[in-house]
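Since every read-out is calculated from the coordinates, none of them should be taken as a lab result. Given the structure is predicted, the values throughout are model-derived calculations rather than measurements. Here the Cβ positions follow ideal geometry from the backbone for every residue, glycine too, while neighbour counts run over all protein chains shown.
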Amino acid sequence: MTATAAPTTETTGENAPTEALRPHAEDAFAAELSALAAQDDRPRPARWKLSPWAVATYLLGGTLPDGTVISPKYVGPRRIVEVAVTTLATDRALLLLGVPGTAKTWVSEHLAAAVSGDSTLLVQGTAGTPEEAIRYGWNYAQLLAHGPSRDALVPSPVMRAMADGMTARVEELTRIPADVQDTLITILSEKTLPIPELGQEVQAVRGFNLIATANDRDRGVNDLSSALRRRFNTVVLPLPESVEAEVDIVSRRVDQIGRSLDLPAVPDGVDEIRRVVTVFRELRDGVTSDGRTKVKSPSGTLSTAEAISVVTNGLALSAHFGDGVLRPADVAAGILGAVVRDPAADRVVWQEYLEAVVRERDGWTDFYRACREVSA
Ligand SMILES: Nc1ncnc2c1ncn2[C@@H]1O[C@H](COP(=O)(O)OP(=O)(O)O)[C@@H](O)[C@H]1O
Ligand SMILES: [Mg+2]
């Protein structure tokens, strides 16, 4: 048994949602969620805040009958979102699978926010995640003073979700050791969590379900047992299918993040965003976008998420030290940092790409120079 701290999820005054550095989805998009709830006349599964249709609209964006605009959170195939939402209304749990940076965590948070109004019932999976993080722990002071009782028990987020009919989240499921993962089998198949110390159990009430995320690349580290896999419907989140789609995702997110950091809007940034996305896609795919030149891929993952952070850093640079327009020099250092993870091998890959592709490309001279400057 491991002692677990009592849950401290209440938001204190000095930590009010508006001042939080990163508000939870249900707080950041509270207005959209309540507009959806008010105009949603479709049937809602037990304890759901919205109908499945409204949850999908929250994720994909749309315009409500009264004109309220719902911003898209996930940019990708509608069917993926529909299958994910529908799964949560069945007795199967949802497994979001994909390479890093494909918005698994992001989608999981927004699904929980839209379905249950609370995305915080979260277990972060690591190699050191103990069983207590999924089941329950004990408050040792209470336990020693009064013996085992419900008061001494510290419920895990999963246990709380079961008791209240809410959505629980498990991040990076496949990083959790196999025997700890298996605690989920009883929870997901019998919908109960036994507490042998008390001769009791917590039965999941209607509305309970679980969203897990797992990384494609981690496969083989701690693969899911087949018994557990059968409890999940797997939805694979793909990489953006085209440059346009990826530029769209990056622009939207950068705009949102920039506003939350009080960065000035950059009207002409789209050329630079397209450049970052193009470089990342070509290095990731191992071939230039015209299909003509093979390039080597670096060791790190150049995901959409990395592109978002390179552009956000570039924006901050141009706002604080530049002329407020996103320029090649503002993104060059960020790109280099993302591409060159292994100082030896990746540097060679980058130099080759720079000389063979970037240097030759029409309209990329400034960008080539900026990259040369930071690569030296
Ligand atoms: N298809 C997409 N639609 C919207 N945002 C995306 C998409 N792909 C990536 N992102 C953005 O990338 C960032 C990282 O995603 P994250 O959920 O942490 O990835 P993962 O958990 O798959 O590694 C998020 O800020 C998310 O907004
Ligand atoms: Mg993640």
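The table that follows gives values for the structure above.
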{"read-out": "Highest-MSF residue in the chain out of Leu36, Leu21, Leu64 [GNM, Cα springs under 10 Å]", "value": "Leu21"}
{"read-out": "Value of Rg to Rh for segment 243-375 (Rh from inverse mean 1/r over Cα pairs, i.e. Kirkwood)", "value": "0.95"}
{"read-out": "Cα pair distances of the chain binned at 20 Å [whole percent]", "value": "25, 51, 22, 2"}
{"read-out": "Charge dipole (segment 13-236, unit charges on Cβ, about Cα centre) - positive-most of Leu60, Pro157, Gln124", "value": "Leu60"}
{"read-out": "Potential extension, Arg359-Arg79 segment - 0.36 nm per residue separation minus Cα distance", "value": "96.8 nm"}
{"read-out": "By average C-beta atoms within 10 angstrom, highest first, the peptides 299-308, 160-169", "value": "160-169, 299-308"}
{"read-out": "Equivalent ellipsoid semi-axes, segment 8-127, via Cα gyration tensor eigenvalues times 5, rooted, Å", "value": "22, 20, 14"}
{"read-out": "q = 0.12 Å⁻¹, segment 13-236: log10 I(q)/I(0) [Debye, one scatterer per Cα]", "value": "-0.67"}
{"read-out": "DSSP-defined antiparallel bridges as percent of all bridges, segment 13-236, nearest 5", "value": "35 percent"}
{"read-out": "Chain lengthening between Leu144 and Glu352 when straightened (0.36 nm per residue, less Cα-Cα)", "value": "68.4 nm"}
{"read-out": "Cα-Cα P(r), segment 137-182, percent of pairs per 10 Å interval", "value": "24, 34, 34, 8"}
{"read-out": "Pairs of Lys in the chain closer than 24 Å at Cα, counting only those 8 or more apart or on different chains", "value": "4"}
{"read-out": "Sparse-neighbour loop sites [trypsin sites (Lys or Arg not before Pro); segment 254-312; at most 10 other C-beta within 10 Å; DSSP]", "value": "Arg292"}
{"read-out": "Relative contact order of segment 13-236, defined on C-alpha pairs under 8 angstrom at six or more residues apart (%)", "value": "23 percent"}
{"read-out": "Among Ser226, Ser242, Ser51: highest mean-square fluctuation, GNM of the chain, C-alpha pairs under 10 Å", "value": "Ser226"}
{"read-out": "Electrostatic dipole magnitude of the chain [Cβ: Lys, Arg +1; Asp, Glu -1; Cα centre; debye, to 20]", "value": "840 debye"}
{"read-out": "Length gained when the stretch Val99-Glu19 is fully extended (0.36 nm per residue, less Cα-Cα span)", "value": "25.6 nm"}
{"read-out": "For the chain, calculated [θ]222 nm from helices alone, where every DSSP H run of n ≥ 4 adds -39500 (n - 2.57)", "value": "-12500 deg cm²/dmol"}
